[in-house]
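Worksheet: one structure, shown below.
Nothing in this text is a laboratory measurement; each read-out follows from the coordinates by a stated rule. Because the structure is predicted, anything quoted here is derived from the model rather than measured. Here Cβ is always computed from backbone atoms with ideal geometry, including for glycine, and neighbour counts include all displayed protein chains.
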Amino acid sequence: MSIFRFFSKPTSAPAARERLQVLLAHERASAGDSELVTVLRDEILAVIAKHMQIDSDKVNVTMERGLQMSTLAVDVEIPFDAVKKKKKAA
Amino acid sequence: MGKVIVVTSGKGGVGKTTSTAALGAALAQGGAKVVVVDFDVGLRNLDLVMGAERRVVYDLVNVIQGDAKLTQALIRDKRLQTLYLLPASQTRDKDNLTPEGVEKVITALRKNFDWVICDSPAGIERGATLAMRHADIAIVVTNPEVSSVRDSDRIIGLLDSKTVKAERGEQMEKHLLLTRYDPARAERGDMLKVDDVLEILSIPLLGIIPESMDVLRASNVGAPVTLSDDRSAPALAYFDAARRLNGETIPVTVPGEKRGFFGKFFGRKAA
Ligand SMILES: Nc1ncnc2c1ncn2[C@@H]1O[C@H](COP(=O)(O)OP(=O)(O)OP(=O)(O)O)[C@@H](O)[C@H]1O
Ligand SMILES: [Mg+2]
């Protein structure tokens with residue numbers, strides 16, 4: 001490879017190291033499906049399901065795992081008649 | 001209706017996941033709606049190569065078992081609006097992939113995407129046969145070395161017998177993608193020649209991807225090589241392969257045979 005390229009590009013190994021640290025920290029913690037973000041995700045969805053019928057197009061879940069902090073976003077569109085519908089279905 | 005591609009090889013470590021990501025991104029960069037599907041249950045890696053490993057919410061097995069809807073499991077690429085990933089499960093094993101479940105998922109994806117690209121696990125077991133089962137097109141990834149060519153031949157046999165297309169008596173469209181081609185070793189005569197591999201396997205050539213540091217760098221930063229360095233030699237080779245998948249006829253250049261070091265260097269400067 002050209003020496004010019006070497007100087008023109010930041011090295012990629014630090015990025016690889018950082019990504020692996022985050023990923024493996026989470027994978028090790030989640031042996032047995034106990035990763036906190038996934039536990040929270042499932043319990044929050046269960047709570048929502050208690051009150052309304054979950055329509056997958058209306059519930060959007062995103063997660064972003066970090067080393068110091070992870071984020072979990074649960075976006076729910078709650079229709080005006082959600083409770084009535086749930087009662088009818090029950 | 002979209003087309004379903006399986007990226008397969010038999011032998012491990014030849015470049016299936018790298019190629020799935022690079023071709024998927026290249027097709028999406030051309031404006032197509034693309035989903036890449038990881039079939040390597042238990043040993044997923046496509047999420048890492050795509051740089052989406054921190055954002056996995058649900059996976060293929062969750063969808064098959066009904067724990068999540070397909071739309072919830074799809075992860076949209078942060079760089080390309082039309083590129084999606086369906087991750088494999090890391091914690092379950094292959095037995096969770098049922099033929100019926102896989103069929104349902106592929107049928108749904110086919111309706112919503114222009115291209116569905118399935119990254120097969122190595123081997124010839126369940127995971128590999130399920131990944132190829134519903135394909136319209138197979139990309140056989142091969143390195144120019146004896147054991148890889150032998151395993152590719154074995155996989156071609158499976159493609160012609162164990163897939164839905166084969167069972168219907170139809171012809172599976174098969175393409176050879178020669179990867180990790182090292183011009184220096186070719187020069188020394190220590191590597192199988194492109195023509196020899198083509199003659200032995202006798203399927204048409206989709207492209208030749210050179211062995212390159214750019215691929216390693218791309219996987220370090222978590223981007224398909226066609227995104228991380230779209231002027232690099234492997235990226236250009238993947239772009240050409242994607243155009244061939246779209247039906248264009250462009251001649252295949254053997255890496256190192258046309259432009260040497262200076263050609264490459266000045267080509268870069270001029271761009
Ligand atoms: N053209 C290339 N130049 C240099 N390295 C490459 C190239 N293609 C693939 N590699 C490297 O080879 C290794 C295996 O690649 P990859 O994971 O894509 O193979 P695979 O066929 O998916 O493997 P597996 O059978 O384990 O799923 C990776 O480290 C990857 O970075
Ligand atoms: Mg792989």
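Things worth noting here:
- Mean-position separation - Cα centroids, the stretch B:170-190 and the stretch B:26-70, in angstrom: 27
- Where labels lie 7 Å past Cα in the beta-carbon direction, separation of residue A:44 and residue B:146 in nm: 5.7
- Ranked A:51, A:26, criterion: other C-beta atoms within 10 Å, fewest first: A:51, A:26
- 3J(HN,Hα) along the stretch A:49-66: 5, 5, 9, 8, 6, 7, 9, 4, 6, 9, 10, 10, 10, 10, 10, 9, 8, x Hz, from the Karplus curve 6.51 cos²θ - 1.76 cosθ + 1.60 with θ = phi - 60°, whole Hz, x for Gly and Pro.
- Fraction of beta bridges assigned by DSSP in chain B that are antiparallel (%, nearest 5): 5
- The peptide list A:66-77, B:88-99, B:5-16, put in order of mean Cβ contacts within 10 Å with the highest first, becomes B:5-16, B:88-99, A:66-77.
- Ranked B:113, B:39, B:239, criterion: other C-beta atoms within 10 Å, fewest first: B:239, B:113, B:39
- Distant-in-sequence amide contacts of residue B:181, defined by a placed amide H-H separation under 5 Å and a gap of 5 or more residues or a different chain, comprise B:209, B:211.
- Rounded, prolate or oblate (a/c below 1.5 giving rounded, otherwise prolate when a/b exceeds b/c) for the protein assembly as shown by Cα gyration tensor: prolate
- Sorted largest first, extent of the stretch B:97-176 alpha carbons per principal axis (Å): 38, 25, 23
- About the Cα centre, charge dipole magnitude for the stretch B:111-221 (Lys/Arg +1, Asp/Glu -1 at Cβ), debye: 360
- Net +/- balance of residues flanking residue B:168 in space, Cβ distance below 13 Å, scoring K and R +1, D and E -1: -1
- Dipole moment magnitude, nearest 20 debye, the protein assembly as shown about Cα centre, only Lys, Arg, Asp, Glu C-beta charged: 840
- For the stretch B:1-99: rounded, prolate or oblate by the Cα gyration tensor [a/c cutoff 1.5]: oblate
- Each residue of the stretch A:67-80 was assigned a 3J(HN,Hα) from its phi angle through the Karplus curve 6.51 cos²θ - 1.76 cosθ + 1.60 (θ = phi - 60°); the sequence is 7, 8, 7, 10, 10, 10, 10, 10, 9, 10, 8, 9, x, 3 Hz, with glycine and proline shown as x.
- Summarising the strand pairing of the protein assembly as shown, around 20 percent of its internal DSSP beta bridges are antiparallel.
- Derived scalar couplings ³J(HN,Hα) [the stretch B:2-10; Karplus, 6.51 cos²θ - 1.76 cosθ + 1.60; whole Hz; x for Gly, Pro]: x, 9, 9, 10, 10, 9, 9, 6, x
- Taken over chain B, the ratio of Cα radius of gyration to 2.2 N^0.38 Å equals 0.96.
- Subset of B:104/B:165; A:58/B:69; B:11/B:165 violating a 19 Å alpha-carbon distance limit: B:11/B:165
- Out-of-range pairs (alpha-carbon distance over 25 Å; input B:16/B:193; B:33/B:94; A:50/B:33; B:33/B:193): B:33/B:94; A:50/B:33; B:33/B:193
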